[in-house]
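Read through the structure below, which is laid out as structure tokens, and then see the notes.
The values are calculated or read from the model by the stated rules, or taken from the named source; none is laboratory data. This is a predicted model, so every value here is computed, not measured. Because the Cβ atoms are built from the backbone with ideal geometry, glycine has one as well, and the counts that use them run over all protein chains shown. Remember, those area values only see protein heavy atoms, side chains included, never the ligands or the DNA or RNA. Shrake-Rupley method; radii C 1.70, N 1.55, O 1.52, S 1.80 Å.
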Amino acid sequence: MKRALALILALMMALSLVACGGDSNNANTNEGGDTDAYYEWSLSCEYSEDNHQTKALKDAAQMIEEQTNGHIKITVYPNMALGDYTVVYGQVMTGDIQMCANPISPQYDPRVDVINMPFLASTFDEFESNYLSKDSYMWKLFDEVTSGGGVKLLGFFNAGFMGLGMKSVDSESFADLTGTATKSQLMRCPAADSYNLTMKAMGFNTTVIPYSDLYSALQNGLCEGWLGGSGLVNYDSFRDAIKYFVDCNVINECIPVMMNAKLFDSLPEEYQTIIVDVFAQMQTRVNEERAEQEAKAVEDMTAYGITVIQPTADELAALRDRIRAEVWPQMANTLGQDVIDNLCQTYNVSLS
């Protein structure tokens, strides 16, 4: 009887050890933060293999692997190879995908649409202070949003400031082009309210056209211009379809970098510090690289024969102040009045 009982207990112990073996790809069982454990993770991003953001992610993965002595291996999957960003973020929440660098759909939290608000930043220096600082309102808000879904915010990648790519203009004056007078051009913009309201505040009528159809729509006259891309995007993808670029920096394209929070919390503190520090370096690097690329794009557009219309500092400040005052309060129904109030307080904006 005793031998039988001992045999049963030994068998139960063996089964329990097998069950606790875990999967190093997820490593959620490693609650003690074992520095002897090995991890293999996937990182999904939406940009192409040769994009500088993808390169930054791959460099981050290499740095983390080296600094953890090979204990954390991250494979970067560009071009949305693991799925659309709306699906991927949900899988990062559950831990089925460990990391991602992509937008967050408002289906998870409507407050994420704040990222499309006009003039949260309009220079690369402002982006550094208004996004990358952990004391900034944007960092604190997205940290709250992501942590509520079981996700850890690691940084923001700056994908440029959006201007207007146009086939024709009523005037080459920046103040006239971005003023309140009604314009003759029909402009394509993304479906989000912030884009449509911003364009209407500048006197443009708008239409929604899928991005994949935009080039042919510009060529065929279905629209006369568009908002939704920086100077670099306009030069790389639309230089044969536009004749003007209005460099108004009205909306920033910003990509959060994130990972599953339970996985992060299960890591040894040493590894947590490495990951946080590496991505802090990468977000600064991407911001600096993008500044250089956008400056080069303006030069390239000019050399290609595209007329680039740039504002003076006073003209940009006047546009910024007017758009904030007119558009921000109209976003309260989408984002919540608390978000608008906090933005106004943060940016010292008075809504009268």
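The helices (runs of 4 or more DSSP H) found entirely in the stretch 105-196 that carry 3 or more residues being under 14 Å from the mean Cα position of the chain (by Cα) and over 30 Å from Met301 (Cα atoms) are 137-148.
Answer yes or no: is there a residue in the stretch 105-119 that is touching a strand residue (DSSP E or B) at 6+ places or on another chain (Cβ under 6 Å), of a type in the set (Ser, Thr, Tyr) and closer than 30 Å to Ala201 by Cα. The answer is no; no qualifying residue exists.
Evaluated against (1) touching a strand residue (DSSP E or B) at 6+ places or on another chain (Cβ under 7 Å); (2) modelled with pLDDT of 95 or more; (3) farther than 19 Å from Lys243 by Cα, Gly203 falls short on exactly one condition, (1). Pairing each residue of the stretch 79-100 that is under 19 Å from Gly148 (Cβ atoms) and open to solvent by 20 Å² or more (accessible area, probe 1.4 Å) with any residue that is in a helix (DSSP H, G or I) and not polar (S, T, N, Q), provided the two are 6+ apart or on different chains, yields C-beta distances under 9 Å for Met93/Ala261; Asp96/Gly90.
A single entry from Gly229, Gly160, Gly165, Gly179 fulfils the requirement of being at positive phi and either touching a Cys at 6+ places or on another chain (Cβ under 6 Å) or touching a residue at least 12 places away in the same chain (Cβ under 8 Å) (or both): Gly160. Per the conditions (1) open to solvent by 10 Å² or more (accessible area, probe 1.4 Å); (2) more than 21 Å from Cys45 (Cα to Cα); (3) touching a helix residue (DSSP H, G or I) at 6+ places or on another chain (Cβ under 6 Å), the sole criterion not satisfied by Pro118 is (1). Comparison of Ala318, Ala295 shows that the only residue that is open to solvent by 30 Å² or more (accessible area, probe 1.4 Å) and without any contact (Cβ under 8 Å) to a residue 12 or more places away in the chain is Ala295.
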